[in-house]
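The values are calculated or read from the model by the stated rules, or taken from the named source; none is laboratory data. Computed from a predicted model, the values in this text were never measured in an experiment. Cβ placement follows ideal geometry from the backbone for every residue including glycine, while neighbour counts extend to all protein chains displayed.
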Amino acid sequence: MPSSNRTENEIQLRILATSDLHATLRGFDYCSEMPLPGLGLDGAAALIGQLRRQVRNSLLVDNGDFLQGNPLADLFAEPVRDRLHPVVAAMNKLGYDAAALGNHEFNYGLPALRHAIAGARFPILCANIAMLGGELPVASTHILLERNMLFPSGRQQPLRIGLFGLIPPQVKIWDRRNLEGRIEVTDMVDAARVTIAALRAEGADLVIALCHSGIGSTNAPTGSENMAGQVAALDGLDAIVAGHSHDVFPATPSLSEGTVPMVLPGCFASHVGLIDLRLRQNDDGRWLSRGCAAALRVADHVGPRNLRLSPEAQAVRKASAAAHRATRLKVRRPVGRTDVPLTSHLAALPGNAALAIIAESQAAHVAAALRGTPFERLPLLSAAAPFKFGGRGGAAHYTNVAPGPLAIRNVADLYIHPNRIAAVVVTGTELKAWLEKSAEFFLRVVPGQANQPLLNPDIHASDFDVIHGVDYQIDLSASCGKRVVGLSFGEDRVEPAKRYVVATNSYRAEGGGDFPGAQPANIVLEDRIMVQDVLREHIEHVGTIRGPRHYPFAFRTLPGTSVLLETAKAVRAELPCRTDLALEDLGEGGEGLVRLRLRL
């Protein structure tokens, strides 16, 4: 803000924010053992240092999902006495003033979470969780920080800054096994309204929300997942940091008076959110807002040279050095080999070997676990979805395992989430509805037309379940709910009332994604073992992956019809092997992508 507009009684407070770090301490991919340009807290740290030095008064906050997301996070999830979690150690070094809990903080269970945050030299916040059954709190509802503000003249005056965190209530579903009977989670807007009032009553001059939630709709119902927009509209709030959805906001810097500034700073430390508040102190000591600015700063412009020079970047690297070495050592351990590429470049299309081996490993584990139970004789199916499929993660966010030896890092690349193995029993009706929901991943096409977009941008690839063990076609010309045709199990048509066991993961079985039949009441198996470990053990057992012997779905033939999709350029090495698909390389697509045409 222009210094000429400042008076003796005005200050500028800069709020710097990160969100959805997912343990990305360095711009390094442990799965591919390759750099991740533009990502990593070390690069963001250099930028944070620059932005801090530009102003007299600043605050650094994180909006949650900082403890989970890569092999380093998995390695350090297990509580070890006297061991400081490397993510917390790095955040301590950077001098974070506060952090909110995100939903992924609960993935490893409450003991792991308590141990990880015990070493934090900054408050951990969440206003809409309540502990049950005598459980000790894992976070403070809110905090009132008193910071001495420096005026242009050099004099100081205390400012009381209220901060609170919010988390989507759906965390109760996503981590039911870890949280059921131990935590209650309430609506974010209701909790925010109460907490803002409490902070004002305690004397807060300024109130900031760390809302681990996407912006969402202004008319989204109570209890929705993405509610930051509705929280921002509450009286008494001065600024809000949103997150969770991995989006970026605002797209361009905004300057305003009378509105609550909001930032949503991407993910993996790709951006640093910046909110500048201009505050004026009246004669009675009250602080009033005189305007605000909100913007994002891209962290990748600092470059390797600046990383060497920046003390903040060096501090993050030093704090994570031992963890970085230990993680790289672990992920190199060999587990087997593959004769076929295991990639997610074409995971939206039939015949994906990566999804097939995940489904195969899940089915093998569930079959053994259910032996001797009443469910042993039911038909066994297995659902798998692509987790790394571009999108908000960009052109580098794909699984890409070449034929040859396999190590732990490749297993982590194939299955990135800390989900446990699970199984549900569904009826034939629920099974078809499950597949119909998955088919919403595709847009409806017009028969006979060329070059139509294939993928629905509003559906995440992680909600595209391919269920192995059955055969079916997807008719892209049909409306949603009527696309799955020819559904059969072996030579038999899937009957509405017949029951089937579906091997899946704990997130899906507990209701994540809201798939028909995938709900806690239908769970028949939920082991403590992670799907990633199930996959590793299966690969060690089979020795060599030779590709799918059978693949469940195909697109229904539509003569004269073609669709377009964009994927990573690395797909070009895979195309000669995919003669089963009528694919054509059309050249460059979006940034870092290639455009393909598929003839139906």
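Structural remarks
- Within region 109-145, being closer than 23 Å to Ala73 by Cα and in contact with a Ser or Thr (Cβ under 6 Å, 6 or more places away or on another chain) holds for Pro123, Leu125.
- Count of region 484-513 residues which are without any contact (Cβ under 8 Å) to a residue 40 or more places away in the chain and farther than 23 Å from Arg377 by Cβ: 1
- Selection within region 92-111 - assigned to a helix (DSSP H, G or I) and either within 19 Å of the chain's Cα centre (by Cα) or touching a residue at least 40 places away in the same chain (Cβ under 8 Å) (or both): Asn92, Lys93, Leu94, Asn103, His104, Glu105, Phe106, Leu110
- Ala582 meets the conditions (1) surrounded by 13 or more Cβ atoms within 10 Å (Cβ to Cβ); (2) over 29 Å from the mean Cα position of the chain (by Cα) in every case but one. The failed one is (1).
- Applying a threshold of 6 Å to beta carbon distances and a minimum spacing of six or more residues, or different chains, the list of pairs starting in region 229-246 at a residue that is assigned by TED's automatic domain parsing to the domain that holds Trp287 and crowded, with 24+ Cβ neighbours inside 10 Å and ending at one that is charged (D, E, K, R) and part of a loop (DSSP other than H, G, I, E, B) reads Gly243/Asp20.
- Region 298-405 holds helices (runs of 4 or more DSSP H) entirely within its bounds, and those carrying 2 or more residues that are among the β-branched types (Val, Ile, Thr) map to 311-331, 353-369.
- Unmet criterion (only one of (1) under 27 Å from the mean Cα position of the chain (by Cα); (2) modelled with pLDDT of 95 or more) for Ala204: (1)
- Identity of the residue in region 275-301, closer than 16 Å to Asp62 by Cβ and either surrounded by 24 or more Cβ atoms within 10 Å (Cβ to Cβ) or of a type in the set (Val, Ile, Thr) (or both), that ends up modelled with the lowest pLDDT: Ala299
- Hits in region 209-259 (condition: part of a strand (DSSP E or B) and within 23 Å of the chain's Cα centre (by Cα)): Ala209, Leu210, Cys211, Ile240, Val241, Ala242, Val248, Phe249
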